[in-house]
Amino acid sequence: MTSAATSADPDAADAAALGGRIRELRKRAGLTLDSVADAAQISASLLSRVERGVAQPSLPTLRTIARALGVPIAALFEGEDRSTANEHDAAGRRLVVRHADRRRLKVPDSRIEYELMIPDLDGAVEVIWGSIPPGGGATLPSSHPGEEVVVAFTGHVAVVVDDEEFLLAAGDTIRFDRSRPHRLHNPRATVAEFMLIVAPPSR
């Protein structure tokens, strides 16, 4: 894919950037395409296409790839630690994340964009800001251990748990067991923004 084509297609650019981070993590760990693909239970050709930015992985696929790489899903988020001393406590632990410094992950398959609102996933809870463009959202459900809360802030977020859909408007909240198949999508013509609170964090 040419750089001109990539710059003209934001989704392609996002996929290429995400694929590059996955390839860098794999090479840094000294792992082969085949070994990671086997551990993630996907084909090596699919993993190769993901790394080259020509396949658009779903969030469940990204989770299995992260596990196969031995890293938390947060390692796939884009952004560096740009924190300063006044965002750390006396012991050197980072406590504050400024809005401009949030690490971001845009899932090409769903066009959902996630922002990590906390420094890492080493604590007991995960807090994520999300946005979904009109018509965007996950097409495949995912499931993981733990509990999840979705808080809608703007627009409408449709949360499908098992096969039942719950439509959230601004200020609405839903809590569910993450082991039940679930997915989020935006059925309306305006951008949907929401917050996810997850315990324990995705690792």
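The values are calculated or read from the model by the stated rules, or taken from the named source; none is laboratory data. In this text, all values refer to a predicted model and were calculated from it rather than measured experimentally. Here the Cβ is made from the backbone with ideal geometry for all residues, glycine too, and neighbour counts use every protein chain on show. Note: areas computed on protein heavy atoms with side chains; ligands, DNA, RNA excluded. Shrake-Rupley method; radii C 1.70, N 1.55, O 1.52, S 1.80 Å.
Would you point out the residue of segment 154-164, among those that are assigned to a strand (DSSP E or B) and not small (Gly, Ala, Ser), that is surrounded by the most Cβ atoms within 10 Å (Cβ to Cβ)?
Restricting attention to segment 154-164, the residues satisfying the condition of being assigned to a strand (DSSP E or B) are 154, 157-161, 164.
Restricting the remaining residues to those that are not small (Gly, Ala, Ser) gives 154, 157, 159-161, 164.
Details: Thr154: 14, Val157: 28, Val159: 21, Val160: 17, Val161: 17, Glu164: 9.
Applying the filter and picking the extreme gives Val157.
Taking Leu167 and the conditions (1) open to solvent by less than 50 Å² (accessible area, probe 1.4 Å); (2) more than 19 Å from Leu62 (Cα to Cα); (3) assigned to a strand (DSSP E or B); (4) not β-branched (Val, Ile, Thr), which numbered condition does it fall short on, given that it satisfies the others?
The number of the failed condition is (1).
Quick check on my filter: what residues within segment 104-116 are open to solvent by less than 50 Å² (accessible area, probe 1.4 Å) and either acidic (Asp, Glu) or in contact with a Phe, Trp or Tyr (Cβ under 6 Å, 6 or more places away or on another chain) (or both)?
Going through segment 104-116, the residues open to solvent by less than 50 Å² (accessible area, probe 1.4 Å) turn out to be 105, 107-108, 110, 112, 114-116.
Residues satisfying the conditions are Leu105, Glu115, Leu116.
Answer yes if at least one residue in segment 134-145 is modelled with pLDDT of 90 or more, open to solvent by 40 Å² or more (accessible area, probe 1.4 Å) and within 11 Å of the chain's Cα centre (by Cα), and no otherwise.
no
Among residues belonging to segment 170-200 that are among the acidic types (Asp, Glu) and assigned to a strand (DSSP E or B), point out the one that is nearest to Glu126 (Cα to Cα). Please lay out each step first, then the result.
Of segment 170-200, the ones among the acidic types (Asp, Glu) are 172, 177, 193.
Cutting the leftovers down to assigned to a strand (DSSP E or B) gives us 177, 193.
Numbers: Asp177: 15, Glu193: 17 Å.
Ranking the candidates gives Asp177 first.
Please find, among Leu105, Leu76, Leu116, Leu121, the residue that is at pLDDT below 90 and within 20 Å of Arg178 (Cβ to Cβ). Lay out the reasoning, then the answer.
Values: Leu105 fails: at pLDDT below 90; Leu76 fails: at pLDDT below 90; Leu116 fails: at pLDDT below 90.
Among Leu105, Leu76, Leu116, Leu121, only Leu121 is at pLDDT below 90 and within 20 Å of Arg178 (Cβ to Cβ).
Out of segment 179-203, which residues are basic (Lys, Arg) and either modelled with pLDDT under 95 or exposed (fewer than 15 other Cβ atoms within 10 Å of the Cβ) (or both)?
Applying the first criterion (basic (Lys, Arg)) to segment 179-203 yields 180, 183, 188, 203.
Hits for segment 179-203 are Arg180, Arg203.
Pull up segment 18-32, narrow it to residues that are open to solvent by 50 Å² or more (accessible area, probe 1.4 Å) and assigned to a helix (DSSP H, G or I), then point me to the one that is nearest to Gly53 (Cα to Cα).
The initial filter retains those residues of segment 18-32 that are open to solvent by 50 Å² or more (accessible area, probe 1.4 Å), namely 23-24, 27-32.
Going one step further and asking which of them are assigned to a helix (DSSP H, G or I), we end up with 23-24, 27-28.
Working: Arg23: 10, Glu24: 13, Lys27: 16, Arg28: 19 Å.
For segment 18-32, the residue satisfying everything is Arg23.
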